[in-house]
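Laboratory data are not the source of any read-out in this text; all were calculated from the coordinates shown. The shown structure was predicted, so the numbers you read here are calculated from the model rather than taken from an experiment. Cβ atoms come from the backbone with ideal geometry, glycine included; neighbour counts cover every protein chain shown.
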Amino acid sequence: MSNTNNVTSSTDTVVNSKCRHIRYFVLNLVLSVLGYSIAVQAIAGNAQNSALPDATMAAYHTDQYVWNKMVEAFQIKTQNPMNLDWELWATTDYAYSDSCNAVEWPTEDLPPNALNSPKLVTILDASNNTPENFVTTQFAILTLNFANPYYEELRTNKPMFDYIQENELYNQDAVYAMAKAGKINFPQDSMMIKAQWIPMDTVEPAQADLYYTKVIDGYDAVAGIDEHTGLDGADSGEKLMGLVGFHLVTHELPNWVWSTFEFTGNPGLCDHIGCKDKFGAIPAYVPSNDDVNQGYPQIKTSPELLALFAQFGIPDKFKNYRLKGSQTEYTTNTGVPTRLGNSILEANLVRTSSCISCHARATLNNNSDGRENLDMFTTEQSLVNFTPDTSKSTLGFHPITFVGSPIPGDYLGADSDGNVNEDSIFFPTDFMWQLAQDPTPCDSSATVQAEI
């Protein structure tokens, strides 16, 4: 009897063990199927989003939208030497190079300075970063305060370039006339990219292979040369440079869509305002950090973004770049000002940087002393000139920029007594600082349209 019970007990144990294994197997199978289903749904959801009109994508799935635009612009256009599509767009230097006549879209048949390949880009001016030289609309003198130089360029796609040439917006008189009439409105498919590069001989060897690089012939735009026509001895020579960051801006929405990307190894990548990318990054949100320049190695590229790169043939090096954030509104739904800034392009401004708020101040008036822009930064009382530990922060001016919704009274151009006249009113240039600052009047003014 005892032996029978032992056999029964042993048999029950074997059966129970097998049942447990079967249950575990079924459970794992269910979980695997569920996980696969979730993954398929996520990919299907992204594919469904991609089928939406661009304006809907821009408004409701902004991070995915700007990555879609990024891969369109960063496809390989020519192989030897390799050029990406946007690298063959017109620079703003070229777009506004003749204040009296339109210029042609750059092609291989035009002079090298028109195509700018190898690129002519600007070394930002650290030497003039002094209180005496500070101007509240001179952005360039603020962003380079490092031991190593950064080179900068701004390029526009063909719809944006054609709009400038067809409306004679290379002539400041035409810009003012259209701005005053409230008729500057770039095409919906306009896009521009502002990029910064660093010489690779200043990069840490361990990170050198991670950058997207180009051989670039740079020049110093503050050396007194004519930046539109030649180098004149200020040529910095051909250098291998790495892309450290870029802004990508489109006009898909009335107030434009603003986004900024950075090299993943930038030590200040998410400093002060954090990083947010709901489409391309894992994790999607990295909190802000005021203990600056610590690096953010934990951010990974999402499978959805890798699939997008593969679809468009994007160079592998761009797996090492992150979307820091995108912006379409002045404030959140609770009225808090939104912020967006690049740790390289807005190095000293990130704490209070807002692309949309800053560009809303791109304006011209018709002051008797010469046309002026609204201040890009708040009053000079907000400036701080100091030299901290370079391992912890950036040098030089740290001004406060405008954030949140535009201030209606600023555009009236009132003097200290509150007096306003028509010529002192600031008229917006469709968020474009390039229109507010780059064009100059044509000597003859003959090309200005008689009627707007």
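With R₀ fixed at 22 Å, the C-beta to C-beta distance from residue 100 to residue 368 puts the FRET efficiency at about 0.40.
Each of 200, 82, 160 has some number of other Cβ atoms within 10 Å of its Cβ, and from fewest to most they run 82, 200, 160. Counting only residues at least eight positions apart within a chain, or on another chain, the lysines with an alpha carbon under 21 Å from that of residue 194 are 69, 77, 119, 158, 214, 239, 276, 317, 319, 324. Kindly state, to the nearest 0.05, the FRET efficiency for residue 76 paired with residue 329, given R0 = 51 Å and r defined as their beta-carbon distance. Computed FRET efficiency for residue 76 and residue 329 comes out at 0.90.
Between residue 317 and residue 188, the distance separating the two model label sites (each 7 Å from Cα on the Cα→Cβ line) works out to 3.5 nm. For residue 239, nonlocal amide neighbours, meaning residues 5 or more places apart or on other chains whose placed amide H falls under 5 Å from its own, are 216, 217, 218.
Once both labels are positioned 7 Å from their Cα atoms along Cα-to-Cβ, the gap between residue 423 and residue 56 label points is 5.1 nm.
Annotation: amide H-H contacts under 5 Å for residue 331 (H modelled 1.01 Å from N, sequence separation of 5 or more, or interchain): 338. Around the amide H of residue 244, modelled in the peptide plane, lie the amide H atoms of 196, 197, 198, all under 5 Å away and 5 or more residues distant in sequence or on another chain. Residues 354, 288, 416, 97, ranked from the fewest to the most other C-beta atoms within 10 Å, line up as 416, 288, 97, 354. As a proxy for reagent exposure, ranking 359, 251 by other Cβ atoms within 10 Å from fewest up yields 359, 251.
Peptides 60-71, 327-338 ranked from most to least packed by the mean count of surrounding Cβ atoms within 10 Å: 60-71, 327-338. Between the C-alpha center of segment 54-111 and that of segment 244-318 there is a gap of 20 Å. In order along segment 260-274, phi translates into HN-Hα couplings of 9, 10, 9, 4, 4, x, 4, x, x, 2, 10, 4, 6, 10, x Hz, rounded to whole numbers, per the Karplus curve 6.51 cos²θ - 1.76 cosθ + 1.60 with θ = phi - 60° and x for Gly and Pro. Extension gain for the segment residue 108 to residue 414, taken as residue separation times 0.36 nm less the Cα-Cα distance, is 105.3 nm to one decimal.
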